[in-house]
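Peer 1: Before anything else, here's the structure in question.
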Amino acid sequence: MLKTKAPIHFDNSYARLPSQFYTRQNPVPVSAPSLIKINHTLAQKLNIDSTWLESNEGVSTIAGNIVPDGGDPIATVYAGHQFGMWSPQLGDGRAILLGEILDNQKERYDFQLKGSGPTPYSRGGDGRAPLGPILREYIVSEAMASLHISTTRILAAAATGDHVYRQNILPGAILVRIAKSHIRIGTFEFFYSRDDQESLKILINHVIKRHYPEATNNENPVLAMLDAVIRSQAHLISSWQRIGFIHGVMNTDNMLLSGETIDYGPCAFMDTFNPGAVFSSIDHNGRYAYNKQPAIGCWNLMQLAQTLIPFLDNNRERAIKLAQDALDKYMNLLTESYQTGMMMKLGLRHNMRGDIKLTKDLLDIMAKDKMDYTLTFRYLSDLAGNDTKTNIGTLIICSEKFNYWLKIWKKRLAKSTQSPKKRQTEMYTLNPAFIPRNHLIEEAIKAAVENKDFNLFHQLIDVVKQPFEYQAALEKYARAPRPEQIVHETFCGT
Ligand code: AMP
Ligand code: MG
């Protein structure tokens, strides 16, 4: 493999861990790399020169045809519970961690290629990714970042010039994923299931140093780490619930210790509000339905906590009690974060009696009337000020029940000391006008895959990057799908 001097400064802490954590593996070159898109804002944050990324050498790096100087390509190993079933051996089967970089604030990030060829963990898979799922991950993760939800992000995507063979023959693509790390609950489970205490200890120290350094000041740093992970998962999942996001595949190998969202396979943003919504084509029992996400988060954290028992206390009974007490805090943290966030979405800053019921009543009406989740909250933001200039109200149908609820809500707002103008401005920063709607994503992917037309893809990203800035000219992107446009199922990208 050709090595090249590139303006990326790697510092590969994971590759410095002992060899049982990964296998050294170069990406497998592709035929004809061509650039699809570069995330210029992210490149700047990461101190990576966009002009270089766009150069032949940059594109060859994105596609895995060259490894920049300082890169130390590895495929990491992990295990995991997939749909509740134990998978003892997983790992980066179609991804390569090229190395780690430090951003402008000296924060550490993984620079990972996805779709870069087979590795020892491919389990018979080809290690490649079709273009569609790559575009999907780019659009949705960029939307999530713009909605201020903790997420892995895409630095760049390139077409490979090769085909991948699934049910159809599809164009192949690769993306560069940026994450605070790719350490998963499944990484802990891998060593725990092999009773490898020494590796677990190394992993715990690595995670504390990298993600939760303040835990070292605690008299029980491992417990402090567990507490911090529980907090970050509670926060993350409550932010999904508030925005109407369904992850779709919350297996323990898809849950990061950093608290970032990862794996945009069969995910979806809800159009009409439906608490039991499931989109994933492989989630037959609705294990990962929208309203089950909070509880599944807890189930996943229990798997993590179990791997930490020997490190929480020398006395097993006491260790189990500590883990249990830590887990017991999760649901309260999540509920509190969710309820506070929902009140803010309704323009209610100070909790008054009846506020929780008001929120619940609204959601009940929305579910019954099949109201669009995003548009309803955006419409409320329009109504919360004195002057409404947008036309969101024309995009939703309001039932009598909803109109009655509006009256009660307005009475409640009248008790607030906040000025309507200020309230509205705040609500506009919490209730997006634009989300990456499933039908728009599909339309953009179809044009790219079938006609090599990437215009819709680029346009959609431009729109979701400014989710809170409504413009009438972009009404098409705000609208709920027409019945024939509704997407009922989403697919994982394998
Ligand atoms: P995911 O559904 O993306 O979370 O992947 C689950 C596991 O399957 C991970 O270990 C992946 O690396 C692996 N995998 C998914 N797709 C492929 C592929 N095309 N080739 C090889 N391994 C894959
Ligand atoms: Mg995964």
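The values are calculated or read from the model by the stated rules, or taken from the named source; none is laboratory data. Just so it is clear, the structure is predicted and the values come from calculations on it, not from any experiment. When we count neighbours, we look across all protein chains shown, and the Cβ atoms used for this are built from the backbone with ideal geometry, even at glycine. Side chains are part of the model used for accessible areas, which takes the heavy atoms of the whole protein and leaves out ligands, DNA and RNA. Shrake-Rupley method; radii C 1.70, N 1.55, O 1.52, S 1.80 Å.
Peer 1: Answer yes or no: is there a residue in region 300-314 that is acidic (Asp, Glu) and open to solvent by 60 Å² or more (accessible area, probe 1.4 Å).
Peer 2: Within region 300-314, not a single residue is acidic (Asp, Glu) and open to solvent by 60 Å² or more (accessible area, probe 1.4 Å).
Peer 1: So which residues in region 65-91 are within 12 Å of ligand 2 (Cβ to nearest atom) and either at pLDDT below 95 or within 11 Å of residue 120 (Cα to Cα) (or both), if there are any at all?
Peer 2: Within region 65-91, 76, 90, 91 meet the criteria.
Peer 1: Let me ask you something else. Any residue at all in region 416-425 that is crowded, with 19+ Cβ neighbours inside 10 Å and over 21 Å from residue 134 (Cα atoms)?
Peer 2: Yes.
Peer 1: Is there a residue in region 336-345 that is acidic (Asp, Glu) and free of Cβ contacts under 8 Å to residues at least 40 places away in the same chain?
Peer 2: Among the residues of region 336-345, at least one is acidic (Asp, Glu) and free of Cβ contacts under 8 Å to residues at least 40 places away in the same chain, which makes the answer yes.
Peer 1: Let me ask another. Only one of 468, 457 is closer than 28 Å to residue 42 by Cβ and either open to solvent by 90 Å² or more (accessible area, probe 1.4 Å) or assigned to a helix (DSSP H, G or I) (or both); which? Working first, answer last.
Peer 2: Numbers: 468 fails: either open to solvent by 90 Å² or more (accessible area, probe 1.4 Å) or assigned to a helix (DSSP H, G or I) (or both).
Residue meeting the stated conditions: 457.
Peer 1: Show the residue pairs meeting these rules: Cβ distance below 6 Å; 6+ apart or different chains; first residue within region 261-275 and of a type in the set (Val, Ile, Thr); second residue part of a loop (DSSP other than H, G, I, E, B) and away from ligand 2 (no atom under 12 Å from the Cβ).
Peer 2: 272/370
Peer 1: Would you pick out the residues in region 99-121 that are within 16 Å of ligand 1 (Cβ to nearest atom) and either under 20 Å from the mean Cα position of the chain (by Cα) or open to solvent by less than 20 Å² (accessible area, probe 1.4 Å) (or both)? Can you show your working first?
Peer 2: First pass over region 99-121, keeping only residues within 16 Å of ligand 1 (Cβ to nearest atom): 110, 112-121.
Residues satisfying the conditions are 110, 112, 113, 114, 115, 116, 117, 119.
Peer 1: Next question, about the same structure. Which condition number does residue 94 fail, the rest of (1) in contact with a helix residue (DSSP H, G or I) (Cβ under 9 Å, 6 or more places away or on another chain); (2) open to solvent by 20 Å² or more (accessible area, probe 1.4 Å); (3) within 16 Å of ligand 2 (Cβ to nearest atom) being met?
Peer 2: (1)
Peer 1: Still on this structure, please answer the following. For region 245-256, does any single residue satisfy the condition of being small (Gly, Ala, Ser), surrounded by 23 or more Cβ atoms within 10 Å (Cβ to Cβ) and within 14 Å of ligand 2 (Cβ to nearest atom)?
Peer 2: Within region 245-256, one or more residues are small (Gly, Ala, Ser), surrounded by 23 or more Cβ atoms within 10 Å (Cβ to Cβ) and within 14 Å of ligand 2 (Cβ to nearest atom).
Peer 1: Also, I was wondering about something else. Residue under question is residue 166, and the condition is that it be open to solvent by 10 Å² or more (accessible area, probe 1.4 Å), out of contact with any Asp or Glu (no Cβ under 7 Å at 6 or more places or on another chain), within 14 Å of ligand 2 (Cβ to nearest atom) and not assigned by TED's automatic domain parsing to the domain that holds residue 264; does it hold?
Peer 2: It is false that residue 166 is open to solvent by 10 Å² or more (accessible area, probe 1.4 Å), out of contact with any Asp or Glu (no Cβ under 7 Å at 6 or more places or on another chain), within 14 Å of ligand 2 (Cβ to nearest atom) and not assigned by TED's automatic domain parsing to the domain that holds residue 264.
Peer 1: Mind listing whichever residues of region 209-223 are buried (at least 20 other Cβ atoms within 10 Å of the Cβ) and either within 27 Å of residue 101 (Cβ to Cβ) or of a type in the set (Val, Ile, Thr) (or both)? I'd like the intermediate steps shown before the answer.
Peer 2: Going through region 209-223, the residues buried (at least 20 other Cβ atoms within 10 Å of the Cβ) turn out to be 211-212, 215, 222-223.
Answer for region 209-223, where residues must be buried (at least 20 other Cβ atoms within 10 Å of the Cβ) and either within 27 Å of residue 101 (Cβ to Cβ) or of a type in the set (Val, Ile, Thr) (or both): 211, 212, 215, 222.
Peer 1: Can you tell which of 237, 174 is open to solvent by less than 50 Å² (accessible area, probe 1.4 Å), within 14 Å of the chain's Cα centre (by Cα) and within 30 Å of residue 115 (Cβ to Cβ)?
Peer 2: 237
Peer 1: Just to be sure I understand, how many residues within region 315-329 are within 14 Å of residue 197 (Cβ to Cβ) and loosely packed, with under 15 Cβ neighbours inside 10 Å?
Peer 2: Taking region 315-329 and keeping what is within 14 Å of residue 197 (Cβ to Cβ), we get 316, 319.
Then drop every residue that is not loosely packed, with under 15 Cβ neighbours inside 10 Å, which leaves 316.
Looking only at that region, the number is 1.
Peer 1: While we're looking at this one, here's another question. Tell me which residues, restricted to region 100-154, are part of a strand (DSSP E or B) and farther than 18 Å from residue 260 by Cβ.
Peer 2: If the condition is that a residue be part of a strand (DSSP E or B) and farther than 18 Å from residue 260 by Cβ, then 129, 130 are the ones that fit.
Peer 1: Same structure, new question: Of the residues in region 131-152, how many are open to solvent by 10 Å² or more (accessible area, probe 1.4 Å) and within 16 Å of ligand 2 (Cβ to nearest atom)?
Peer 2: 3
Peer 1: Are any of the residues in region 52-69 touching a helix residue (DSSP H, G or I) at 6+ places or on another chain (Cβ under 6 Å) and over 26 Å from residue 162 (Cα atoms)?
Peer 2: No.
Peer 1: Applying the selection to region 471-488, what residues are part of a helix (DSSP H, G or I) and open to solvent by less than 20 Å² (accessible area, probe 1.4 Å)?
Peer 2: 478
Peer 1: Quickly run through region 87-121 and pick out the residues that are without any contact (Cβ under 8 Å) to a residue 12 or more places away in the chain and under 30 Å from residue 285 (Cα atoms).
Peer 2: none
Peer 1: Next up: Out of region 265-299, which residues are within 20 Å of residue 142 (Cα to Cα) and open to solvent by less than 10 Å² (accessible area, probe 1.4 Å)?
Peer 2: Selection gives 265, 266, 267, 268, 269, 270.
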